[in-house]
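Peer 1: Below you will find the structure I want to go over with you.
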Amino acid sequence: MASGVNLESFVPVVGVNAVLMTLFYIGFTLAPRFITGAEVALILLMETVLGPFWVFLRYGDVPSAWTIGGG
């Protein structure tokens, strides 16, 4: 393993990611039928703002001032 990739954990992560992305796109297609366009827009904007926060919570990576300003 010269590249440092642990295949025992890489394959399950790819599988879970595939399932979650599939569920995301199914939900992203079906959910706007039941809520208003304004609520859909707010959810999409909230994802941009909360993205660095989720990374901080999971990995402890403190976002830079540019990331905070951009969010």
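The values are calculated or read from the model by the stated rules, or taken from the named source; none is laboratory data. Since the structure is predicted, the reported quantities are computational estimates derived from the model, not experimental observations. For the accessible areas, the whole protein counts, side chains as well, though only heavy atoms, and no ligand, DNA or RNA atoms are used. Shrake-Rupley method; radii C 1.70, N 1.55, O 1.52, S 1.80 Å.
Peer 1: Counting each DSSP H run of 4 or more residues in the chain as -39500 (n - 2.57), what helix-only mean residue ellipticity at 222 nm follows after dividing by all residues, to the nearest 500 deg cm²/dmol? Before the final figure, lay out the partial values.
Peer 2: Details: 3 runs with 53 residues, N = 71.
Calculated at 222 nm, the ellipticity per residue is -25000 deg cm²/dmol.
Peer 1: Something else: Quote the convex hull volume per residue of the chain, based on C-alpha atoms, as a whole number of Å³. Present the calculation step by step, with values, prior to reporting the outcome.
Peer 2: Working: hull volume 8.8 nm³, N = 71.
Expressed per residue, the convex hull around the Cα atoms of the chain is 124 Å³.
Peer 1: If you build a Gaussian network model of the chain, linking Cα atoms that sit under 10 Å apart, which residue out of G60, G37, G27 swings the most?
Peer 2: Among G60, G37, G27, the largest GNM mean-square fluctuation belongs to G60.
Peer 1: For the chain, which whole-number percentage of the solvent-accessible area (1.4 Å probe, protein heavy atoms only) is attributable to carbon and sulfur atoms?
Peer 2: Result for the chain: 73 percent of the exposed heavy-atom area is carbon or sulfur.
Peer 1: On to the next question. If you count only protein heavy atoms with a 1.4 Å probe, what accessible area per residue comes out for the chain, rounded to a whole Å²? Display every interim value, and only then the final one.
Peer 2: Numbers: 6220 Å² over 71 residues.
Per-residue accessible area for the chain comes out at 88 Å².
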